[in-house]
Ligand SMILES: [Zn+2]
């Protein structure tokens, strides 16, 4: 598994150029020691790439790659999510994240909340 490292935009483009690359990265992050079936703890599974699910070779339970992650039930491709998260991370690093909080405050703040979130 690759360790976390800061990536330039060019590194990011190279490392996460495809949906499969993003799925592989998520798999490595989720199961750092390899896949483990949540039902029977078996460590062998077939990966069904088109559906992003693992089919346990012992009990045949299918486990979604994105289930239980921040991408749970999303229909948006991981490639798009990775790009969004990368840009958000860059904005946080450069101090531009304030705009996200301000936007959230303006759109979602119920009137009864007197103190908006401050970045
Ligand atoms: Zn199993």
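None of the figures in this text is laboratory data; all of them are computed from the coordinates on show. Computed from a predicted model, the values in this text were never measured in an experiment. Positions of Cβ are generated from backbone atoms using ideal geometry, with glycine treated the same way; all protein chains shown enter the neighbour counts.
Among 69-76, 35-42, sorting by the average number of other beta carbon atoms lying within 10 angstrom of each residue, highest first, gives 35-42, 69-76. If you wrap the tightest convex hull around every Cα atom of region 1-60 and split its volume per residue, you get 77 Å³.
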